[in-house]
Amino acid sequence: MELRQLSYFTTIVNEGNISQAAKKLNISQPPLSHQMKLLEEELGVTLFERGSRRIRLTPAGKTFYDRALAILDLSQAARTRSEEHTSELQSQRDIS
């Protein structure tokens, strides 16, 4: 599982369908659908109820969505903190 897949998944949920998510992510729909199929296979669960225009999350999908958001938030926080740390180190070097 990759952060990219988690981002794709949450974008699909937020947009309500795969086509709109693909537009927002600037990728075509088939590769996005393929990535979600790979994610489902890796997890061993179905995340979406397919067949309607709007996606519907399964109970497993709802749980996974909450966890995916938390993981992406933590990832962003770690990235931000790393950038802050790098800036602090650079400032210290500039003072010396």
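Numbers at a glance
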item	result
Whichever residue in the stretch 1-27 is in a loop (DSSP other than H, G, I, E, B) and at pLDDT below 95 and, among such residues, is nearest to Gly51 (Cα to Cα)	Asn17
Selected residue (criterion: surrounded by the fewest Cβ atoms within 10 Å (Cβ to Cβ)) from residues of the stretch 29-57 that are at pLDDT below 95 and small (Gly, Ala, Ser)	Gly51
Cβ-Cβ under 8 Å pairs, at least 6 apart or on other chains, the stretch 51-69 side in contact (Cβ under 8 Å) with a residue 12 or more places away in the chain, far side surrounded by 10 or more Cβ atoms within 10 Å (Cβ to Cβ) and charged (D, E, K, R)	Ile55/Glu49; Leu57/Glu49; Thr58/Glu49
Residues of the stretch 4-48 classified as in contact with a Leu (Cβ under 9 Å, 6 or more places away or on another chain) and touching a residue at least 12 places away in the same chain (Cβ under 8 Å), total	17
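The values are calculated or read from the model by the stated rules, or taken from the named source; none is laboratory data. This is a predicted model, so every value here is computed, not measured. We place every Cβ from the backbone using ideal geometry, glycine too, and count neighbours over all the protein chains shown.
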